[in-house]
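Notes follow the structure.
The values are calculated or read from the model by the stated rules, or taken from the named source; none is laboratory data. On a predicted model such as this, the values are computed, not experimentally measured, just so you know. Don't worry about glycine lacking a Cβ; one is built from the backbone with ideal geometry, like all the others, and counts go over all protein chains shown. Accessible surface areas use protein heavy atoms only, side chains included; no ligands, DNA or RNA. Shrake-Rupley method; radii C 1.70, N 1.55, O 1.52, S 1.80 Å.
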Amino acid sequence: MLQMKKMNGFTKHTLIIVFGIAMLYPVLWLISSSFKPNELIFTESGLWSSSFTLENYVNGWRGFQGIAFGKFFANSWLISILSVLGNVITCSFAAFAFARLNFKFQKIWFAMMLVTIMLPYHVTLVPQYVIYSELHWVNTYFPLVLPKWLAHDSFFILMMVQFIRGIPRELDESATIDGCNQRQIYFRMIMPLLVPALISAAIFTFIWSWDDFFSQMIYLSDIKLFTVQLGIRALFDPSGQSDWGALLAMSTLSLLPITLIFFVFQRYFLDGIATTGLK
């Protein structure tokens, strides 16, 4: 019986490892191919090449039209950091209001907020574009960043509401007896306990902002404002000869920030997901 259990465990782990390797293979191929000369990328399909070079990284980092790829990384960092700050601050304020405060039509506003989660982004794309165009915000970072400072992402509000509802209300009552107002209750008691959910929201926001391609393509056309995703897209020339090596090298570099941030904050990320009950 014991031997049978060990055998089942061995089989299960083997299948998981094989499945994991299969899932990682495209990423491993991307990294491997970024070190291959252009003429070998599609002729040697394996992970190991007969020749390795760093020229792809040099060529890719040089950028194009006089703009180095470092500029695109700086733009992506700027958008991602501003988006993270906006979401963490304003969504936590909105979540505290829904979870702890009593105000008129609270349930109706909360239901409306939940409905917006179900709306596909493409449904609101045209009206949003018209509004931003009328405000002369197209070809600026405002359409990408400003909504984050207006509690735009309902998913994070819901996640934080769930977390705050798990904090005993007796703590609020004790703080009120000690003379704290709502602002002091939030900053001195709720926010320190909300840290795991805030970090989860920050990680999600950073990854989604960093990887966002569609919105950036819609609103940005000036090459000086390009982000990493638009820069990589610009390296691809469907009508001519694309520099595949440089494209794969810059794609590999674009993975580093989100991979690093995920592994550094992995513990907080899992805590935040587990304690909010969202999976």
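Per-residue ellipticity at 222 nm computed for the chain from its helices equals -22000 deg cm²/dmol, with DSSP H segments shorter than 4 residues left out and the rest contributing -39,500 (n - 2.57).
For a distance above 35 Å, tell me the whole-number percent of Cα pairs in the chain that qualify.
More than 35 Å apart: 36 percent of the Cα pairs in the chain.
Need the full-extension length gain, residue 77 to residue 187, defined as separation in residues times 0.36 nm minus the C-alpha distance. One decimal, nm.
Full-extension gain reported as 36.9 nm.
In the chain, the longest principal axis of the Cα atoms and the axis of helix 121-134 are about 90 degrees apart. For a modelled paramagnetic label at residue 114, 7 Å from Cα along Cα-to-Cβ, the residues of the range 152-173 in reach, with backbone nitrogen under 20 Å, are 152-167.
Label sites at residue 176 and residue 93, each approximated as a point 7 angstrom past Cα along Cα to Cβ, lie 2.3 nm apart.
Annotation: peptides 222-235, 124-137, 101-114, ranked by per-residue average of other Cβ atoms within 10 Å with the highest first, follow the order 222-235, 124-137, 101-114. Counting only protein heavy atoms and a 1.4 Å probe, the range 165-213 has 55 square angstrom of accessible area per residue.
Angle of helix 195-211 to the longest C-alpha principal axis of the chain, folded into 0 to 90 degrees and rounded to 10: 40°.
Can you give the FRET efficiency for residue 262 and residue 104, using 1/(1 + (r/R0)^6), R0 = 45 Å, r = Cβ-Cβ distance, to the nearest 0.05?
My answer for the efficiency is 0.65.
In terms of the Cα gyration tensor, with a ≥ b ≥ c the square roots of its eigenvalues, is the range 8-148 rounded because a/c is under 1.5, prolate because a/b exceeds b/c, or oblate? Because a/c hits 1.5 or more and a/b fails to exceed b/c, the range 8-148 counts as oblate.
Once both axes come from the Cα atoms, what is the angle between helix 244-264 and the longest principal axis of the chain, in degrees from 0 to 90, rounded to 10? Taking the Cα atoms of the chain, the angle to 244-264 is about 30 degrees. Between residue 48 and residue 13, what FRET efficiency comes out of the Förster formula 1/(1 + (r/R0)^6) with R0 = 30 Å and r the beta carbon distance, rounded to 0.05? Result of the calculation: an efficiency of 0.70. Tell me whether the range 18-93 comes out rounded, prolate or oblate; compute the Cα gyration tensor, take square roots of the eigenvalues as a ≥ b ≥ c, and use a/c under 1.5 as the rounded threshold. The shape class here is oblate. Using a probe radius of 1.4 angstrom, the carbon and sulfur fraction of the accessible surface of the range 34-91 is 68%.
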